[in-house]
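Each value in this text was obtained by applying a stated rule to the coordinates, not by laboratory testing. Keep in mind that this is a model prediction, so the values were computed, not measured. For neighbour counting, all protein chains shown are included, and Cβ atoms are generated from backbone atoms with ideal geometry for every residue, glycine included.
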Amino acid sequence: MPAHRITLRPSNRTVDVPTGTLLAEAAQRAGLELAQPCGGQGRCGRCAVQIDGSGYRRRSTLRLSAEDLEAGFALACQTVVEGDLAVEIPPQERLQRMLVTDRVASRDEVPLVYESSTMQSLRILQLALPEPTLDDSRDDQARLLAGLADAGYPSPAVPIPLLRRLGPVLREAAWKPWVVLQQADAQGPARLLDLAASPPKPLGLALDIGTTTVTAYLVHLDTGEILAQAAEYNDQISRGEDVVSRIIYAGKEGGLAELGDLVRRTITALLERIRLRTGLEPDDILKVTVSGNTTMAHLFLGIPPASIRLSPYIPTVNQPAPILGAESDLPVHPQAEVDVLPGVASYVGSDITAGALAAGLDQAEVLTLFIDVGTNGEIVLGTRDWLVACACSAGPAFEGAGVVDGMRATEGAIEEVWIHAATYEPTVRVIGGGRPRGLCGSGLLSLLAELFVTGVVDRGGHFKMDLGSPRVRPGEHGPEYVIAWPAESATGRALALTQVDVDNLLRAKAAIYAGFTVLAGRLGVDLADVEQVLIGGAFGKYLNVEKAVQIGLLPDVPWNRFRFLGNTSVRGAHMALLSRDARQAIRQLAERMTYIELSADNAFFDAFTAALFLPHTDIRRFPSVAEVWQRENGVKEERP
């Protein structure tokens, strides 16, 4: 098959590829990042490039105008090479990389009353072995195993990597070595994990692999203390912003391995950041617990996820067996146990079972609604006696992604907005003070609520262009509201919420609201009877109840029923890292949850469509919102 020379500008890198190669693949072979948030399906238009030459064929022109086609633009994920080409790659979007979770945490963040000697599955002890003599000529392994048996740990296997170090370590330790054992069950057999001449550092790692963000806690296993924590956008975003896009990308040749490499690259970067801050080496990490949705777990483990998105939506595994650090390709101790926590179904994974434990659902005596607000909205309803779960795709808007001026909740992000009802001028609160750089999830939600109650947008989410305010104007992406003029922002350009952004936010909130209303309806439960509403997810930590109810994201129930818990997924992983009983409780929660597949329920589509308004098609469901909206807009009632 003939090869063709592709020149990629402005870097002027070249790569030779055979006929039929996608331009996106050519760019990757040349070591260039090309955003494909839709997973290479040609839906988002964000991989558009401009081509000089005729040796190519477009498989799709979706998202490209007649003017774009005339100028030589093409979607890199949908265009195949048939000759030599020069390709101009526009500047790629970059996600904001500074996250507020990069900080040292205090001891009071241990999530349970912790006693390592009884709760921890890791055992560290020092042996005193008799030195070999001419009369005691046992080999080194036999001598070690005898010492372990005397200490109450009979016959653990000695892995070959440890056997290779055994002789030197025993002699360096003067026959008083330190050993690390893993004992999942207090009465069960132990596994020899490490041996050393000096006391090892008892470090553990709790990971939450989210669709949008990966969060890591480095933990001292003696005290349970979080020594450091860090978070970063999941590098897989460049291959798909949602799980379905990534499942599709994983089905391409080499896609599964690439997605696995990308998330490991993210975790490795987090561990390097922690190392620089603490001086602690990642290869001293002796135990890892991982929470994440079912797709993220499959991609991390290298398991094809294709069946997750195909009816009847059955994953390969919900409760994977632990693997070793060496098998995980993470820069942790090679014999460390890497435990991906158990999930429930294709769209309810261990982020929810771990989160349910952290939220206390296993002990809930009253009717409880638990909502994890993230790229995927997962919902659990019930008490400690029964639990029913479902999931809906909300998209990444509430996490600051997929929005033109969106960013993470870090310094420079607008987190709260107030709009004057007469002048339509905004007042903002910025994390860290100073000029804003963008809007985080809570700021986006707050802004949308204010635009609605002050009448800048109607109940369908459409901007009113006749208000006489310069803040509401036509923009590149349609009508928009300018929250900060260039002179007011830290970026030197205007920050705005566009019509496309509003539509994304409406879809996100509608999916979540429809999810829990359909779930309650299936069970014959009235939302008014829910006695506590627990909000998980990193976004949930900063959620304003009033604003969330005003846009129709949360039910209109008394505010004292809401509790905001932050990232319950990583907190649950932290608990499982520390306690065998907590790990067992997560497994039991997974086995007890009844899963309802919303995609097979026509009621969900109807509920979703009805919730695509502010706050809802039926505003009577939100009496407190109706009162505010009618007062601010001077009307008695309006039907969308």
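When cysteine pairs in the chain are screened for C-beta atoms closer than 4.7 angstrom, the residues that find no partner are Cys47, Cys77, Cys390, Cys392, Cys440.
Report, in debye and to the nearest 20, how large the dipole of the chain comes out about its Cα centre when Lys and Arg carry +1 and Asp and Glu carry -1 on their Cβ. Here the size comes out at about 500 debye. In the chain, taking the dipole from charged Cβ atoms about the Cα centre, the farthest positive-side position among Leu32, Ala394, Ile619 is held by Leu32.
For the chain, lysine pairs separated by 8 or more sequence positions, or belonging to different chains, with Cα-Cα distances below 28 Å total 11.
As a footprinting exposure proxy, order His462, His4 by other Cβ within 10 Å, with the fewest listed first.
Values: His462 13, His4 21.
So the ranking, lowest neighbour count to highest, is His462, His4.
Rank by packing, highest mean first: peptides 491-503, 114-126, with packing defined as the count of other Cβ atoms within 10 Å averaged across residues. Please report the intermediate quantities before stating the final value.
Working: 491-503: 18.9, 114-126: 16.5.
The most tightly packed comes first, giving 491-503, 114-126.
Expressed to the nearest 5 percent, the antiparallel share of DSSP beta bridges inside the chain is 70 percent.
Taken one residue at a time, the phi angles of the stretch 145-157 give Karplus couplings (6.51, -1.76, 1.60, θ = phi - 60°) of 5, 5, x, 5, 4, 4, 7, x, 10, x, 6, x, 5 Hz. Gly and Pro are set to x. Per residue of the chain, the DSSP helices (runs of n ≥ 4 H) give a summed -39500 (n - 2.57) that works out to -8500 deg cm²/dmol at 222 nm.
The structure-derived value of log10 I(q)/I(0) by the Debye sum over Cα atoms at q = 0.05, 0.09, 0.10, 0.12 Å⁻¹ appears in the list [x] -0.35, -0.85, -0.96, -1.21; [y] -0.22, -0.75, -0.95, -1.46; [z] -0.26, -0.81, -0.96, -1.27 under the label [z].
On the beta carbon distance between His420 and Arg9, with R0 = 51 Å, the FRET formula returns roughly 0.60. Structural descriptor for the stretch 372-504: relative contact order 19 percent, calculated from alpha carbon pairs under 8 angstrom and at least 6 residues apart.
Hey, what did the stretch 94-340 get for relative contact order, percent, Cα under 8 Å, at least 6 apart?
This gives 18 percent for the stretch 94-340.
Give the peptides 429-437, 181-189, 39-47 in descending order of average Cβ contacts within 10 Å, highest first. Could you put the intermediate results ahead of the total?
Details: 429-437: 16.8, 181-189: 13.3, 39-47: 21.1.
Averaged packing, sorted descending, gives the order 39-47, 429-437, 181-189.
Send over the semi-axes of the stretch 251-405's equivalent ellipsoid, whole angstrom and largest first, taken as the square roots of 5 times the C-alpha gyration tensor eigenvalues.
Working: eigenvalues 151, 81, 62 Å².
They are 27, 20, 18 Å, listed largest first.
A cut-off under 13 angstrom between Cβ atoms defines the neighbours of Gly302, and their net charge, with Lys, Arg +1 and Asp, Glu -1, is -3. Averaging the sequence gap over all C-alpha pairs within less than 8 Å and six or more residues apart, then dividing by the number of residues, gives the chain a relative contact order of 12 percent.
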